[in-house]
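Reading through the structure tokens given below for one structure.
The values are calculated or read from the model by the stated rules, or taken from the named source; none is laboratory data. These numbers were taken from a predicted model, which means no experiment stands behind them. Quick reminder, even Gly has a Cβ in these numbers, built from the backbone with ideal geometry, and neighbours come from all protein chains shown.
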Amino acid sequence: MKKLWGGRFTKSAEEWVDEFGASISFDQELVMEDLEGSIAHVTMLAKTGILTNEEAELIRKGLSSLKEKAAQNELAFSVKLEDIHLNLESMLTDMIGPVGGKLHTGRSRNDQVATDVHLYLRNQIQVILELIHELQEALVEQAEVHVETIMPGYTHLQRAQPISFAHHLMAYFWMLERDKQRFQENIKRVNVSPLGAGALAGTTFPIDRYYSAELLGFDSIYENSMDAVSDRDFIIEFLSASSILMMHLSRFSEEIILWSSQEFKFIELDDSFSTGSSIMPQKKNPDMAELIRGKTGRVYGNLMGLLTVLKGLPLTYNKDMQEDKEGMFDTVKTVTGSLKIFAGMVRTMRVQTNQMEKATKNDFSNATELADYLSDKGMPFREAHEVVGKLVLYCVNKGCFLADLTLDEFHDACDLFEEDIYKVLDPKTAVERRNSAGGTGFAQIKLAISKAKDCLDKKHAVK
């Protein structure tokens with residue numbers, strides 16, 4: 001098969017060399033974007049008089065036909081034709097004749113592939129934003145049910161203070177809100193058109209880059225043709241935002257894995273998000289959460305891979321940049337799959353409220369309440385901390401908890417303690433009283449849920 005760029009060559013590469021250099025095995029993912037970019041390009045060529053209206057219309061019809069076939073998965077790609085661009089140009093020429101070769105007037109594969117990737121990421125980021133939104137909705141739904149569900153809060157994976165389960169869930173809502181903001185910022189860099197930059201220096205043809213950018217829905221064009229074809233910052237930014245998102249999902253996965261264990265028994269995952277064991281009949285494994293935790297590593301790897309590919313490249317295009325796509329495609333697949341799974345896990349998990357509350361009564365997570373109690377009565381906090389620390393040690397040695405102590409035992413530690421100390425020690429009271437802004441108090445949680453709903457509603461208003 002003759003190469004479309006083969007005029008200068010007298011010798012063909014062996015088949016295995018072609019296969020090594022070809023990208024069609026993965027960049028066929030860009031088929032729709034490539035065709036959309038070509039339709040915009042040929043429309044611009046007609047507007048500027050570079051092609052006749054008749055030529056442009058014939059090419060447009062051919063491209064539209066290829067879009068229909070692509071939608072039906074009816075296109076057959078060839079490694080000999082290397083990439084998505086040459087495959088489609090060859091199909092077009094076979095379909096409409098030599099006029100198909102005029103499509104490439106005023107552009108290069110360098111600006112063509114960059115345009116494809118910009119269009120692809122713009123579409124995929126919108127999908128990811130929708131999926132983040134759905135996960136946030138699932139979190140809010142669970143939080144509304146569990147405002148007064150009490151659980152231990154942890155630092156160093158040691159029980160620290162009692163909190164509301166809703167408060168814990170809403171922490172992830174706000175992490176996801178920042179993730180959304182990062183992707184929304186990313187779109188600003190994605191939605192810039194490189195089309196018409198040519199191989200690196202622009203073109204002698206009187207093209208209208210602003211018009212083709214408008215046709216494709218881009219906000220602006222690259223101001224420098226060399227930057228246009230060599231920039232992959234927008235992909236790195238996408239991979240970075242994806243890595244942070246996956247880190248958040250991985251942290252949440254770790255907690256879900258812990259909570260669903262026999263040692264915690266705080267939640268039970270739905271059977272549809274769990275698996276069994278081939279040898280141990282009793283097992284119910286949180287495999288989906290574990291997979292998301294594991295897949296986070298591949299997204300990190302994709303980010304580091306592209307950073308490494310680009311770090312030593314001179315301007316402008318180099319074949320190394322063909323390595324920008326597989327990691328991007330893989331990240332899109334991983335992120336979208338993880339978000340879909342997570343929304344389902346959160347919506348269907350069963351919360352063991354009694355087990356959570358029981359855990360807050362068999363520990364010392366209410367010790368801070370005693371220190372605050374003494375501070376309210378005028379004792380400096382550091383002294384109060386010392387008094388309560390000694391009381392905890394006393395309980396540890398005695399084999400009991402703070403709420404088990406008699407009032408006389410409290411008085412032996414400090415005469416500021418009164419009968420109301422037992423109400424203060426109740427985990428629910430401890431949670432309810434923490435009403436500083438952003439705290440775990442029930443009133444604050446309800447306010448946080450209301451603010452979260454406003455965030456979700458604004459998304460729909462913009463749409």
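Key figures
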read-out: Residue among T360, T331, T316, T353 that is within 16 Å of the chain's Cα centre (by Cα) and not small (G, A, S); value: T331
read-out: Restricting segment 444-457 to residues that are in contact with a helix residue (DSSP H, G or I) (Cβ under 8 Å, 6 or more places away or on another chain) and of a type in the set (G, A, S), the residue that is nearest to H146 (Cα to Cα); value: A448
read-out: From F218, F252, residue being under 19 Å from G37 (Cβ atoms), aromatic (F, W, Y) and at pLDDT 95 or above; value: F218
read-out: Flag for L313 being surrounded by fewer than 20 Cβ atoms within 10 Å (Cβ to Cβ), under 30 Å from F26 (Cβ atoms) and assigned by TED's automatic domain parsing to the domain that holds S274; value: yes
read-out: Filter pass, V431 being among the β-branched types (V, I, T) and touching a residue at least 12 places away in the same chain (Cβ under 8 Å); value: yes
read-out: Test: residue in segment 262-272 that is of a type in the set (G, A, S), modelled with pLDDT under 95 and either at positive phi or in a loop (DSSP other than H, G, I, E, B) (or both); value: no
read-out: Residue identified as buried (at least 22 other Cβ atoms within 10 Å of the Cβ) and not assigned by TED's automatic domain parsing to the domain that holds I50 among S220, S212; value: S212
read-out: Flag if G106 is closer than 24 Å to K61 by Cβ, touching a Gly at 6+ places or on another chain (Cβ under 7 Å) and of a type outside the set (K, R); value: yes
read-out: Tabulated pairs, segment 305-323, first among the aromatic types (F, W, Y), second surrounded by 12 or more Cβ atoms within 10 Å (Cβ to Cβ) and outside any loop (DSSP other than H, G, I, E, B), C-beta under 6 angstrom, 6+ apart or interchain; value: Y317/N110; Y317/V229
read-out: Selected residue [farther than 18 Å from I244 by Cβ and assigned to a loop (DSSP other than H, G, I, E, B)] from A160, A228, A199; value: A199
read-out: Segment 325-377: number of residues that are without any contact (Cβ under 8 Å) to a residue 12 or more places away in the chain and within 30 Å of D426 (Cα to Cα); value: 4
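Okay, residues lined up against (1) closer than 25 Å to Y210 by Cβ; (2) within 40 Å of the chain's Cα centre (by Cα); (3) not assigned by TED's automatic domain parsing to the domain that holds R122:
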site	(1), (2), (3)
L45	yes, yes, yes
L51	yes, no, yes
E74	no, yes, yes
K80	no, yes, yes
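Residues checked against (1) of a type in the set (D, E, K, R); (2) in contact with a Phe, Trp or Tyr (Cβ under 9 Å, 6 or more places away or on another chain); (3) at pLDDT 95 or above; (4) under 17 Å from M226 (Cα atoms):
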| position | (1), (2), (3), (4) |
| --- | --- |
| T93 | no, no, yes, no |
| G97 | no, no, yes, no |
| G100 | no, no, yes, no |
| T105 | no, yes, yes, no |
| A114 | no, yes, yes, yes |
| I125 | no, yes, yes, no |
| I132 | no, yes, yes, no |
